[in-house]
Each structure stands twice: as C-alpha cells, then as structure tokens.
Amino acid sequence: MSKQEKHRILMVSDFFYPNFGGVENHIYYLSQCLINLGHKVVVMTHAYQNRSGVRYMTGGLKVYYVPWKPFLMQNTLPTFYGTLPIVRTILIREKISLVHGHQAFSTLCHEALMHARTMGYKVVFTDHSLYGFGDVGSIHMNKVLQFTLADVTQAICVSHTSKENTVLRSGLPPEKVFVIPNAVDTAMFKPAPERLSNREIVIIVISRLVYRKGADLLVEVIPEVCRLHPNVRFIIGGDGPKRVRLEEMREKHSLQDRVDMLGAVPHAKVQSVLITGHIFLNSSLTEAFCIAILEAASCGLLTVSTRVGGVPEVLPDDMVVLAEPDPNDMVQAITRAIHILPRIDPQEMHTRMKTLYNWHDVARRTEIVYDRALRCSSQNLLERLSRYLPCGSWAGKLFCLVMIIDFLFWRLLQLWQPDRNIEVVPDIHLTNHMQDKTARDSNMYEHLR
C-alpha cells in the first residue's frame, strides 16, 4: 500500500460500547490505532437503550447505533434482508472500501458481511471465540459460520488454537486465515506504585459468573484453598447466573471475611481492583484468547489459569501457572503460584508486557490483511454462488437461494433509490486541540456513567 492510499473501514458487530467485554475493547482499540495510521474507521452496532443514531468517540471515531434492539444475549433478531437498506446507505455515505465483521455470535456481523459481498465489497471476519462440534447450538452456529465464511475475503483469529477451530468449523482454506492476537492498554493497566506485602495473599477473580467461565470450578476451589492457606483472601468481581452459587458457597463455609463479592466491575475500575491483589485466577472452560490475563499481567499479577483453548499461547511460562480444568489440579497450581510469588517483580512484568502486546502492532498487522483483501480479484454472482454449493447437499442450495434473493433486493433498492441520491458525508479531520477536547469529553462521560 502506498503512503497516499488509505483504507475506509466499516467495523460491524453487535458487541460494542457502552457494553464491555473482550470484543468491544478489541474493536475500540483497533479502530483508534487504525485512525492514528491515517485510515478512516466507522463502527456499526445496534442501539443500546436510549443510545441510537450517530455518536462520536475519542479521536473522531464515528459510531452508527442503528435502531435495532437486542433480542438475545446482546444480539439483534435475525432478519436476513432487513438490514440491507441501512447497511447500503452507510457504505455509500461513508465511501467505505472494506467491511470488517467481528464475532461469530453477532447476527449484525453476519448480515452486514452478506450484504457487503452482494454489493461487491471486500470483507474481513475476525473470530474471537472457540466453539464445539457436538451440541445442537454449536452445530447450528457452525453452519451459519460456514455460510458467512464461504465468501469471505480474508479471516483473522486471535490465536493458533482459534485458527484451527475456525478452519475445522467453516471449511475455510487455512491460507486465508491470519493469526493476530489481542493486546492490552499498558498505559491504563499499571502495577501498584508500591509492592504489596506477602503477609496476606490476595487472589483476584474478574469474570462473568457463567458456566463457560468456570464459575462452578470456583465453588469447589475457593474453600479448599482457604483451608490450606489461612493467609489467602479472594476478591471476586463480576456478575451472572452463577453468582448465587458462589454466595451460597461463601455462606456454607463461613468465608464472608475471606471472600469479597464486588458484583459487576466497570472496565474503567478493573485496574484499581487488580492492583490490590497478588495472583489473578482464570477458571475458564474455553477461551480463544483471554484479554483479562493480559490486563492482570500488565498490572504485575502472577496468573493461574486453566489450560484450555488458546490460553497457553498468551503468556510466557514464567508469568503463568497452568492447570487442567479440575478442582484438585487448580488448587495445586494456586499453591505453586503462592510459592513463586517472592520471585515476581510487578514492574518488570509490566515492562515485558509493553513489548509483548501492543495495539499499534495489532493495527499494523491488521493493515496487512486489509491490503491483501483489497488485492483479491472480484467475482460476479455466478462465481460467488459456486462457493456456497459445497456447503451441503441441501444447505448449499439454500445458501445460494438466500444470496440470489439478496442480490435481487439490492438491485431493487438501486432502482428505488439510486446510489447518486444518497448523500456522501464529508470527512472530519480533527486538529490536535479538537482531539484533546474529544478525549477529555469522552473521559468525563465515562466517569459520569
């Protein structure tokens, strides 16, 4: 890519601010770094409560909160063709050159990528999670993913384990899938100014309290660790359906003075919770890549984690103690971590994290994927339909029918409202003074939230 040639990218996902999570953070930080590289980035997501319409975030990041309400687990109701008019309008208004969808669970992502390919745009998909193959939900999700990725230009996964999982589930050629890990904002996640005393060991857990995050393991692990180590205390941040089980465990074993339940912790306050502890405990049963581990390591905490998914790829061996997702093995791992603690230097760990994981490096690597996607040749409708037929004897024909209808609907929209009648919005170039003011306003808004 020449220095003059810059991309105009539309990020699409059901998961974005004001909701907090790994996907939301990934989209936000990646967008900010791409803007710093000179690209234009626009985000499209669904409305959140009374937040609808167009909003601007730090650095001039433009966000379209389209008027669709979440239906289930922050996902919009699948409509197949209902989002085509608004996706088409945004693509033309913003003069988008490439569409980047995030997360296999996102209905809005799948529909936007489908419409973008119908209109001839190049598309990139990032998969942030791992999925199984045996349960009913995974079987249906994998078939949807196969439909979306059959015509995707390039794909990105956050770990090598995630890449293997995505290739197996979707049938996508491995050479079209790139591995680009997540990163951490080391300027935000800093260690405590003074090293904590080891007289009392504080173990931090910050996670959604759901089955997939291993909340049931915590119910068995915490009482045993407290029995073996009288100087250990737990701080648990997060909320979810499994919170009741943890509170019952605390009552049953009379651990009210040794297990603090904080409830949901806003992302802006995560660092202040992390620096009160020595060890970070991750009990997930499946993870493609755990950003929470990076945040904890950046704050100087030694990590104890289950050996699942892409977690073994995240940190060097001297910064993490891995265990099988079994209560006994996790208790032994925590005991080993307690013995290692005196050798841990939080400031040195933070310095290493600065070099290991950097959002600017993620943006530069993603930029290479964009360049490769835009160099790919364009296909007409018949050539694209041939990609869907191998998806199954019946599913392949159904997918072709869906794409043909989408193509006809798009042509009908072109007749009803030609592209030339859609107003193109001017680009806004913020000066340094305006960027500083936008950042201050954004920080003030997050504080008020």
Task: segment 60-127: Cα Rg divided by the 2.2 N^0.38 Å rule of thumb - done: 1.07
Task: Within a Gaussian network of the chain (alpha carbon springs, distance under 10 Å), most fluctuating of 51, 88, 208 - done: 51
- [ ] Pop out the ³J(HN,Hα) list for segment 378-390 in order, Karplus 6.51 cos²θ - 1.76 cosθ + 1.60 with θ = phi - 60°, rounded to Hz; leave Gly and Pro as x.
- [x] 8, 10, 7, 4, 5, 5, 6, 4, 5, 6, 8, 4, x
TODO: Compute the Rg to Rh ratio over segment 168-222 from the alpha carbon atoms, using the Kirkwood formula for Rh, and round to two decimal places.
DONE: 1.16
TODO: Report residue 170's accessible area, 1.4 Å probe, all protein chains in place, as a number in Å² to the nearest 10.
DONE: 10 Å²
TODO: Sort segment 317-362 into rounded, prolate or oblate with this rule: let a ≥ b ≥ c be the square roots of the eigenvalues of the Cα gyration tensor; rounded if a/c is under 1.5, and if a/c is not under 1.5, prolate when a/b is larger than b/c, oblate otherwise.
DONE: oblate
Open item on the list: As a test question: what accessible area, to the nearest 10 Å², does residue 123 have when a 1.4 Å probe is rolled over all protein chains in place?
Closed with: 0 Å²
Task: Principal axis dimensions, segment 337-394 - Cα atoms, whole angstrom, descending - done: 64, 30, 9
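Relative to the compact-globule scaling 2.2 N^0.38 Å, provide the ratio for the alpha-carbon radius of gyration of the chain. Could the numbers behind the result be given before it?
On the way: Rg = 23.1 Å, N = 449, 2.2 N^0.38 = 22.4 Å.
Against the empirical 2.2 N^0.38 Å value, I get 1.03 for the chain.
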Task: Kirkwood hydrodynamic radius over Cα pairs of segment 96-182, then Stokes diffusion coefficient at 20 °C and 1.002 mPa s, in µm²/s - done: 167 µm²/s
Task: residue 68 - accessible surface, heavy atoms, 1.4 Å probe, Å² rounded to 10 - done: 60 Å²
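Just reorder 352, 343 by solvent-accessible area, largest first, 1.4 Å probe, all chains present.
On the way: 352 75, 343 175 Å².
Of 352, 343, the descending order of accessible area is 343, 352.
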Open item on the list: Could you compute how fast segment 127-251 diffuses translationally, taking Rh as the Kirkwood radius over C-alpha pairs and applying Stokes-Einstein at 4 °C with viscosity 1.567 mPa s? Give it in µm² per second.
Closed with: 71 µm²/s
TODO: With the cut-off at 17 Å, report for segment 257-399 the share of all Cα pairs above it, as a whole percent.
DONE: 71 percent
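The values are calculated or read from the model by the stated rules, or taken from the named source; none is laboratory data. Source: prediction; values computed, not measured. Areas reflect the complete protein model, heavy atoms only, side chains present, ligands, DNA and RNA absent. Shrake-Rupley method; radii C 1.70, N 1.55, O 1.52, S 1.80 Å.
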